[in-house]
Amino acid sequence: MSNKFIGKSIKRIEDKRFTTGKGRYTDDIVLPGMTHAYMLRSPYAHARINRIDTSEAETMEGVVAIITGEEVSHYSVPCGWQVNFKNGDTMKEPPHPLLVKDKVRHVGDAVAMVIAETREQAQDAAEAIIVDYEVLPAVVNAAEAVKDGAPLVHDDVPNNICFDWEIGNPKAEVDEAMDGAHHITSLEFVNQRLSPNAMEPRSYIGHYDSVYDKYTLYTSTQNPHLIRLLMCAFVLGLPEHKVRVVGPDVGGGFGSKIYHYTEEALVTVAAKKINRPVKWTETRSEAFQTDAHGRDHVTHAEMGFDAAGKIVGLRIKTFANLGAYLSTFSTAVPTYLHGTLLQGLYTTPKIHLDMTCAFTHTTAVDAYRGAGRPEATYLLERLMDLAAHEMDMDPAELRLKNFIPPFDGVEQPGYQTNVALQYDSGNYHGVLERGLQMLGYEDFRKAQQEAAQTGKLLGVGFSTYIEACGIAPSAVVGSLGARAGLYEVGQVRVQPTGKVSVFTGAHSHGQGHETTFAQVVADRLGIPMEDVDIIHGDSDTVAFGMGTYGSRSLAVGGSAIMKSLDKIIEKGAKIAAHKLECSEEDIVFADGKFTVTGTDRSLGFGDIALTAYVPHVYPQNLEPGLDFSSFYDPKNFTYPYGCHICVVEVDKETGETKVKRFIAVDDVGTVINPMIVDGQIHGGLAQGIGQALMEGVEYDETGQLINGSYMDYTMPRADDFPMFELDRQETPCPHNPLGVKGAGEAGCIGSTPAAVNAVIDALWSGGFKVKDIKMPLTSERVWRAMN
Amino acid sequence: MSTITVTVNGKSYTKEVEGRTLLVHFLRDTLGLTGTHVGCDTSSCGACTIHLDGRAVKSCSMLAAQADGSILTTIEGLAPGGELHPLQVAFNDEHGLQCGFCTPGMIMTAADLLSQNPNPTEREIREGLEGNICRCTGYHNIVRAIQLAAERTAGVPA
Ligand code: FES
Ligand code: FES
């Protein structure tokens, strides 16, 4: 493998179409005869529908069709991951209708789809539909929802409990360890609900071609094949070979565009019904009400220490909010993507998590950048900094004392945690030490002491996190309840002239696959990057795929491409050996040439490609062509980790918090394109700090969404941040061919507790010994904590 | 319905518009200029930013009818003749975009910012981007891209 491109900050190939306004997102697509849909949604969180009257609406100008719940009542959207109760019972999986006909269960629950010639006409008609609602009491908090007498979201789900679940060591062992602890740090907190807010609102176009009896769905998705599989096999009962799903340019996802949404199925059904294309694009207000939210845990956590500051046990009780319906991965997030990360970077000998997952009258909760892993990291890292304060120890030293010692996963084995996972490789001390160096720790503490005498308090917060990425080994996740495999597909088609088309099941919605993947392919084949085209996002051209999420594109999708590249080179060597009249073993492939070892006799990659397609002088028994497809199923998760350090300044008078510095030292394994990896970290940091200081979805007690717009929900903006200070460590992943671990979520996972810890540290430095401030740490909340 | 005449990217159009049609929808649906995006319904995100008579405006915050007689530039018109605008180049150089959805609005806003203030400080750039939301980049590389474009065009009259 040459390294002309790998490891270099190659500028992105895909940029030009976006900087010139030529990107093609779903809402930009116009099909002949296209109609427009508008969804009529419930303004109430919980209400019985006594009557829906569409008669007036149907007569209005431009209206083509109106679909209500009755018409599509035989369809239901399934959940992709089955989790069982502690006692072995199957989780409760109530129906998830495309349109509600009897009872709405959250603000934004859809009751009708109106299709008209224009969007405005559809909206006008929707306003003329009469829905007679009988409003019922609602419950929005998971810990409240499970109490006796709480309003039920689904009549047949007692106490709103979808399932309860546990992981770790036996509870009694953890209790015993905690009983023997010298000090216990205990924290009750909420990991608040967030709205993902990809900037492109969700948008779908359904198209039905009656001549070929073929459907096409254009969708702003992170995983077109997964949508096709779910929609065809589990919702609509359509034959997959008659359905094409296209995910064109997609304007960000962050998890929210993984899931199969009801509107995808509805535009598909509607397109056939009216035999015309149907487009639906949500407004931002609808996005707040219907794009799956993230987080929303209510937790009581305790960490026990011995006299020397070694962790002896960790005991947690959490209520996780699933919202009103199960979204595609919602049940996996608080369990297998969260509970399995509670070892963190520490040697904690005894861990127990008791989890209860509940339905509430709110928007569904599913994976949002990090998905479960930020919740685990927040819990651990808040406890660590707080414990250091309480025990009057240094938070960095406390971590160094408890870190798992370095291991490379090759000479030294992987690290077996108490919560099922086995870490691949890591040097956890390394990232913290580098972070402290970048911070200038001693100088900072001096400055902090001086600042404490003034009106501005300085604080530093640490977070040393780990995540499980490269999702995921199919057999492992299958045994844990996943209803699909999580391998990836990569096809490499060498064209007769030696140009290369690569088809990947991964999907880029900002990650830069067209560049990063081309770097890998060009280096492996020793050809220029211009000769490589990366194709993704269309189920008719890409064989199959599981899509992009869980920091998996390169670790899993890239590995599948590498497998196909190996096959190409192996076959190329056979062709070369025949032409050069030597044995196959004597051929070496390097820098785009097949050479007879020890000689200067060689054939270029282009020659071999042409020979494969014009096989006149050709080995017997070898098929023509140079085109291979591979499925790669990872052996293990990958485990990126890192150290995030946040420095804040808090105004004692107003509680206003400013992020002064943010240092991130991440180990995401081998890096193919440093510029793109840094960009991923930057974006994640802004989201993670956004959770700490600015963002949070709020419902009132009647279930009203009270900040469902950009006027009310604080989105991080450019002037909320300093320039980020990044560095990295590279410990290759030992179990995939590129050594990559994944970089998409790291920034978002590590940064939240660092920012909160920094504010708490600032307050302690001013003599305010607070344990917790509820996120987001607004000026008002910080001020109240001091007054 | 009313009839409006606007010049968009150097070309004059006379079109019928409904009274309630927003300028952004006129550009996208009537003229097919889909580089201008809609990211919100509260005039908060800046994805729809264009230039109206030389200044940046959010095209979702006004009616098409109000633009009658105006000269408009959208992202598609920023590189007339095909040579990219220094900001378009700098966004590529500094990795100032990921999904690209906010990018047209960011570039149009930044172009106005630089024409008002050719040598902005980091703070001035960050404050100048207050009306534009990007969910992907954490703004870091957008700020750097604008700094780079400013450096490259310093002294060159806009
Ligand atoms: S679409 Fe105009 S500001 Fe958001
Ligand atoms: S690049 Fe995706 S929103 Fe800015």
Next on the checklist: Tell me whether segment A:212-219 contains one or more residues that are within 14 Å of another protein chain (Cβ to nearest Cβ), at pLDDT 95 or above and open to solvent by 30 Å² or more (accessible area, probe 1.4 Å).
Outcome noted: yes
Checklist entry - Quick check: anything in segment A:705-723 within 18 Å of the chain's Cα centre (by Cα), at negative phi, part of a helix (DSSP H, G or I) and assigned by TED's automatic domain parsing to the domain that holds residue A:457? => result no
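Yes/no per residue for (1) free of Cβ contacts under 8 Å to residues at least 40 places away in the same chain; (2) surrounded by fewer than 21 Cβ atoms within 10 Å (Cβ to Cβ); (3) closer than 28 Å to residue A:362 by Cβ:
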site	(1), (2), (3)
A:172	yes, yes, no
A:181	no, yes, no
A:190	no, yes, yes
A:197	no, no, yes
A:209	yes, yes, no
Checklist entry - In this structure, is residue B:84 over 21 Å from residue B:124 (Cβ atoms), crowded, with 22+ Cβ neighbours inside 10 Å and not polar (S, T, N, Q)? => result no
Checklist entry - Restricting attention to segment B:123-144, which residues are more than 15 Å from ligand 2 (Cβ to nearest atom), more than 7 Å from chain A (Cβ to nearest Cβ) and surrounded by fewer than 21 Cβ atoms within 10 Å (Cβ to Cβ)? => result B:123, B:124
Checklist entry - Across segment B:114-136, what is the number of residues that are away from ligand 1 (no atom under 16 Å from the Cβ) and under 16 Å from the mean Cα position of the chain (by Cα)? => result 4
Checklist entry - Can you pull out the residues in segment A:683-721 that are within 16 Å of ligand 1 (Cβ to nearest atom) and among the hydrophobic types (A, V, I, L, M, F, W, C)? => result A:711, A:715, A:718
Next on the checklist: Can you tell me which of (1) in contact with a Lys or Arg (Cβ under 9 Å, 6 or more places away or on another chain); (2) more than 16 Å from ligand 1 (Cβ to nearest atom); (3) more than 11 Å from chain A (Cβ to nearest Cβ) is the one residue B:64 doesn't meet?
Outcome noted: (2)
Next on the checklist: Suppose the filter is touching a helix residue (DSSP H, G or I) at 6+ places or on another chain (Cβ under 7 Å) and on the phi < 0 side of the Ramachandran plot; does residue A:457 pass it?
Outcome noted: yes
Checklist entry - Here are A:298, A:267, A:333, A:312: which of them is in a helix (DSSP H, G or I) and at negative phi? => result A:267
Next on the checklist: Can you confirm whether residue B:99 is within 15 Å of ligand 1 (Cβ to nearest atom), crowded, with 22+ Cβ neighbours inside 10 Å and more than 10 Å from the chain's Cα centre (by Cα)?
Outcome noted: no
Next on the checklist: For segment A:245-260, which positions are more than 20 Å from residue A:688 (Cβ to Cβ) and within 14 Å of chain B (Cβ to nearest Cβ)?
Outcome noted: A:247, A:248, A:249, A:250, A:251
Checklist outcome for this item: Per the filter on segment B:7-31, residues open to solvent by less than 50 Å² (accessible area, probe 1.4 Å) and either within 14 Å of ligand 1 (Cβ to nearest atom) or within 11 Å of residue B:74 (Cβ to Cβ) (or both) are B:8, B:23, B:24, B:25, B:26, B:27, B:28, B:31
Checklist outcome for this item: Within segment A:271-304, of all residues that are surrounded by fewer than 21 Cβ atoms within 10 Å (Cβ to Cβ) and within 30 Å of residue A:187 (Cβ to Cβ), the one nearest to ligand 1 (Cβ to nearest atom) is A:298
Item to check | Boolean, residue A:720 is in contact (Cβ under 8 Å) with a residue 12 or more places away in the chain, open to solvent by 20 Å² or more (accessible area, probe 1.4 Å), facing chain B (nearest Cβ under 9 Å) and not polar (S, T, N, Q) | outcome: yes
Checklist entry - Only one of (1) among the small types (Gly, Ala, Ser); (2) within 14 Å of another protein chain (Cβ to nearest Cβ); (3) without any contact (Cβ under 8 Å) to a residue 40 or more places away in the chain is not met by residue A:233, so which one is it? => result (2)
Next on the checklist: If I go through segment A:19-53 residue by residue, how many of them are open to solvent by less than 10 Å² (accessible area, probe 1.4 Å) and basic (Lys, Arg)?
Outcome noted: 0
Checklist entry - Can you list the helices (runs of 4 or more DSSP H) found entirely within segment A:361-449 that contain at least 1 residues being not assigned by TED's automatic domain parsing to the domain that holds residue A:706? => result none
Checklist entry - Can residue B:59 be described as under 25 Å from residue A:26 (Cβ atoms), more than 16 Å from ligand 2 (Cβ to nearest atom) and among the small types (Gly, Ala, Ser)? => result yes
Checklist entry - Restricting the search to segment A:421-462, which residues are in contact with a Cys (Cβ under 8 Å, 6 or more places away or on another chain) and among the β-branched types (Val, Ile, Thr)? => result A:431, A:460
Next on the checklist: When you scan segment A:638-656, do you find a residue that is aromatic (Phe, Trp, Tyr), open to solvent by 10 Å² or more (accessible area, probe 1.4 Å), in contact (Cβ under 8 Å) with a residue 60 or more places away in the chain and away from chain B (no Cβ under 14 Å), even just one?
Outcome noted: no
Checklist entry - Mind checking which residues of segment B:57-69 are open to solvent by 10 Å² or more (accessible area, probe 1.4 Å) and not β-branched (Val, Ile, Thr)? => result B:58, B:60, B:61, B:62, B:63, B:65, B:66, B:68, B:69
Checklist entry - How many residues does segment A:81-110 hold that are of a type outside the set (Lys, Arg), open to solvent by less than 30 Å² (accessible area, probe 1.4 Å), outside any loop (DSSP other than H, G, I, E, B) and at pLDDT 95 or above? => result 2
Checklist entry - Is it the case that some residue within segment A:655-664 is part of a loop (DSSP other than H, G, I, E, B), in contact with a Lys or Arg (Cβ under 8 Å, 6 or more places away or on another chain) and in the same structural domain as residue A:432 (by TED's automatic domain parsing)? => result yes
Next on the checklist: more than 28 Å from residue A:642 (Cβ to Cβ) and of a type outside the set (Ser, Thr, Tyr): which single residue out of A:448, A:453 fits that description?
Outcome noted: A:453
Item to check | Residue satisfying condition, being over 18 Å from residue A:19 (Cα atoms), open to solvent by 30 Å² or more (accessible area, probe 1.4 Å), away from ligand 2 (no atom under 16 Å from the Cβ) and hydroxyl-bearing (Ser, Thr, Tyr), within set B:42, B:73 | outcome: B:42
Checklist entry - Out of all the residues in segment B:103-122, which are open to solvent by 10 Å² or more (accessible area, probe 1.4 Å), in contact with a Gly (Cβ under 9 Å, 6 or more places away or on another chain) and either within 16 Å of ligand 2 (Cβ to nearest atom) or polar (S, T, N, Q) (or both)? => result B:109, B:115, B:116, B:117
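The values are calculated or read from the model by the stated rules, or taken from the named source; none is laboratory data. For clarity, every value in this text was computed on a predicted model and none was experimentally measured. Note that we place each Cβ from the backbone using ideal geometry, even for glycine, and neighbour counts take in every protein chain shown. The area values use the complete protein model at the heavy-atom level, side chains included, leaving out ligands, DNA and RNA. Shrake-Rupley method; radii C 1.70, N 1.55, O 1.52, S 1.80 Å.
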